[in-house]
1. Connecting C-alpha atoms closer than 10 Å in a GNM of the chain, tell me which of G244, G279, G341 has the biggest fluctuation.
2. State the Kirkwood hydrodynamic radius of segment 161-297 in Å, one decimal place, computed from all pairs of distinct Cα atoms.
3. Could you give the distance between the Cα centres of segment 298-351 and segment 1-46, to the whole Å?
4. Using a Gaussian network model on the chain with a 10 Å cutoff between Cα atoms, which of T240, T257, T162 fluctuates the most?
5. What does the charge count around N254 come to, taking other residues whose C-beta lies under 12 Å from its C-beta (Lys +1, Arg +1, Asp -1, Glu -1)?
6. Which percent, to the nearest 5, of DSSP beta bridges fully inside the chain are antiparallel?
7. At 0.36 nm per residue, and after removing the present C-alpha to C-alpha distance, how many nm does the segment from E17 to F283 gain when stretched out fully?
8. So how much slack lies between T259 and D61, counting 0.36 nm per residue of separation and subtracting their Cα-Cα distance, in nm?
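Nothing in this text is a laboratory measurement; each read-out follows from the coordinates by a stated rule. These numbers were taken from a predicted model, which means no experiment stands behind them. Counting neighbours? That spans all protein chains shown, and the Cβs are built from the backbone with ideal geometry, glycine included.
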Amino acid sequence: MKSLQLTNFGEPLQWAESETPVPRGNEVLLKVNACGVCHSDLHIWEGYYELGNDERMYIADRGVNLPLTMGHEVVGTVVQAGEGVKGAKEGDLRLIYPWVGCGECKYCNSDRMHMCLSPGSLGVFKDGGYSDYILVPHEQYLVDIDGLKPENACSYACAGLTAYSALKKMMPLEEDESMVIIGAGGLGLMAMQVLRVLTSARVVVIDLDDNKLAAAGKIGNFTTINSKNEDPVDRVMELTNGKGASAIVDFVNNEATSTAAFSMLQKNGVMVMVGLFGGKLTFSNPVVALKNLTIRGSYTGSLSELRELIDIVREKKLKSIPVKTYKLDAADELLAKVKRGEITGRAVVTP
Ligand SMILES: [Zn+2]
Ligand SMILES: [Zn+2]
């Protein structure tokens, strides 16, 4: 098989040819149809996360070994299954749940593989979808996407799932409440797409790119704020008659956005931090106590949440976010575009 691999952090990806793996036991081999290019691929490629105050968290210290085939938003077609596999068969088109765990711990045994302390996530710790083939450790990680196009379905495995799981952590929200989405990139657009299934609350979308806000406007009837042109805190306070937002999901989550989010949170409010853009949030401890605030993180989502999300997408016939497909050769260039914030929706590669 031919894979495009990360061999040194921060350097161009390299083509590597290797023997196509033969699935054993519960393993399943799929031919890759489509693979989304995610913002976290950029962090893996760079080799670190910015923590604020010039501190960095290094990917290598988190157990990521090179060479690595990145790509964790993968749709593939089953070509071969190990002798222990019961359901998956040749020709099945499947979305892969990439947040694979050790398979043995209390998290893995309770639908929380994504919280496993010995993760084996595909495209992060194990080889992923920047390749023509991908080996999946168990058929349970394969999700039926019948009726969906591979290029539209692949990003539900990370962007869609992350958005959906973050939103669920803020529910329920009533019609007379306000929620704020910070960031109208891939994650933000995914959240907007699925949001109306979960709540009829008023929704405010904040970004600093008019193109992205325009894409948001095509998905639903949301109030948009360009934070380059106006103070998002003042504007949200004005829109909520001085009360603030009941729930905020921050898909950017840098110092500026998290500080703004904290300032526009109302009493009993929930703030969900998702983005990995780096930085630190400083807040007054008594405010958190007195306002009974919840500040929490959210990382990807569970396998059952991914199945729920795909059911919603199919039943409600949700529109796909804008997707552009490229050949896998373009991966380096696409990562550079992701870094510059030039992708609206999702870039998807095909082998
Ligand atoms: Zn585990
Ligand atoms: Zn991702």
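1. Answer for the Gaussian network model of the chain: G341.
2. Hydrodynamic radius (Kirkwood, Cα pairs) of segment 161-297 is 14.6 Å.
3. Between the Cα centre of segment 298-351 and that of segment 1-46, the gap is 16 Å.
4. T240
5. Charge balance in the 12 Å sphere: -2.
6. Counting DSSP beta bridges with both partners in the chain, the antiparallel share is about 55 percent.
7. Full extension of this stretch gives 90.7 nm more.
8. 68.4 nm
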